[in-house]
Amino acid sequence: MFDRIAHRYDLLNRLLSFGRDVAWRKQIAKNLPQGQDLKILDLATGTADVLLALNQQVPHMGNSVGLDMSGGMLHFGHQKIRNRGLDQKLRLVRGDATCIGLASAQFHATTISFGIRNVINVSQGLEEMHRILQPGGRALILEFSLPPNKLFRHLYLFYFRHILPLLGGIISGDNSAYKYLNQTVETFPYGQEFCDLMIAAGFKNVTPKPLTLGIATLYVGDK
């Protein structure tokens with residue numbers, strides 16, 4: 001599915017989020033751990049938007065890796081990285097977030113943006129994020145959530161159920177993809193329920209940070 005929408009993915013992210021996805025990624029940068037030459041692993045990296053944004057915003061970022069199962073998404077990510085001359089600093093690999101084929105305890109931070117709800121086994125994915133981190137490392141998970149305000153939630157769900165799938169289908173040419181994305185948002189655990197999953201995977205100091213009236217949440221947890 002992600003291969004089919006890869007050619008319009010970046011455009012749709014900007015349009016359907018009204019540009020808020022850019023601001024949300026800045027929150028990831030602000031919550032990275034301190035230190036120099038930070039090695040970051042970005043899971044469900046897609047077209048590498050998160051890695052590229054972090055590279056621009058974090059002066060102390062070192063060589064980092066993006067991982068995704070979709071070859072189509074990675075194709076566009078590779079193009080963007082090459083166009084910016086960052087081939088030696090940012091590396092993209094194809095792989096599964098529930099079975100990361102990399103050695104343990106080698107990254108200072110691991111990130112995933114709007115991808116954890118697409119992982120087949122969420123608990124296993126969180127355990128892998130914990131495994132891959134160095135002691136003292138940090139996981140930053142950005143995901144959609146449901147706003148607490150009832151009126152705003154009603155408007156938000158109307159947009160998600162009716163307008164977003166329609167626009168997404170027209171622009172991407174794939175109606176089923178954006179219906180699927182909407183359905184996963186409504187059924188995925190958020191808030192304290194998701195924090196509990198992170199704690200069960202071994203993370204400590206787990207904190208949810210609601211963004212834009214709660215339509216997205218940045219979850220922060222340390223190893």
Counting only residues in the range 96-111 that are small (Gly, Ala, Ser) and in contact with a strand residue (DSSP E or B) (Cβ under 9 Å, 6 or more places away or on another chain), the one modelled with the lowest pLDDT is identified as Gly101
Checklist entry - Residues in the range 38-46: is at least one crowded, with 21+ Cβ neighbours inside 10 Å and on the phi > 0 side of the Ramachandran plot? => result yes
(Q) Would you confirm whether or not the range 112-122 contains a residue that is surrounded by 22 or more Cβ atoms within 10 Å (Cβ to Cβ), closer than 20 Å to Gly191 by Cβ and modelled with pLDDT under 95? (A) yes
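Looking at the structure I just gave you, is Asp196 in contact with a Lys or Arg (Cβ under 8 Å, 6 or more places away or on another chain) and among the acidic types (Asp, Glu)? Show your work before the answer.
Values: in contact with a Lys or Arg (Cβ under 8 Å, 6 or more places away or on another chain): no; among the acidic types (Asp, Glu): yes.
Taking the combined requirement at face value, the residue does not satisfy it.
Listed here are the residues, each with its yes/no results for (1) touching a strand residue (DSSP E or B) at 6+ places or on another chain (Cβ under 8 Å); (2) surrounded by 15 or more Cβ atoms within 10 Å (Cβ to Cβ).
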residue: Gly125; (1), (2): yes, yes
residue: His130; (1), (2): yes, yes
residue: Ile141; (1), (2): yes, yes
residue: Gly169; (1), (2): no, yes
residue: Thr187; (1), (2): no, no
residue: Phe194; (1), (2): yes, yes
residue: Lys209; (1), (2): yes, no
residue: Gly214; (1), (2): no, yes
residue: Gly221; (1), (2): yes, yes
Subset of the range 46-68, residues part of a loop (DSSP other than H, G, I, E, B), free of Cβ contacts under 8 Å to residues at least 60 places away in the same chain and under 19 Å from Asn118 (Cβ atoms), comes to Thr47, Ala48
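The values are calculated or read from the model by the stated rules, or taken from the named source; none is laboratory data. In this text the structure is predicted, and so the values were computed from the model without any measurement. Positions of Cβ are generated from backbone atoms using ideal geometry, with glycine treated the same way; all protein chains shown enter the neighbour counts.
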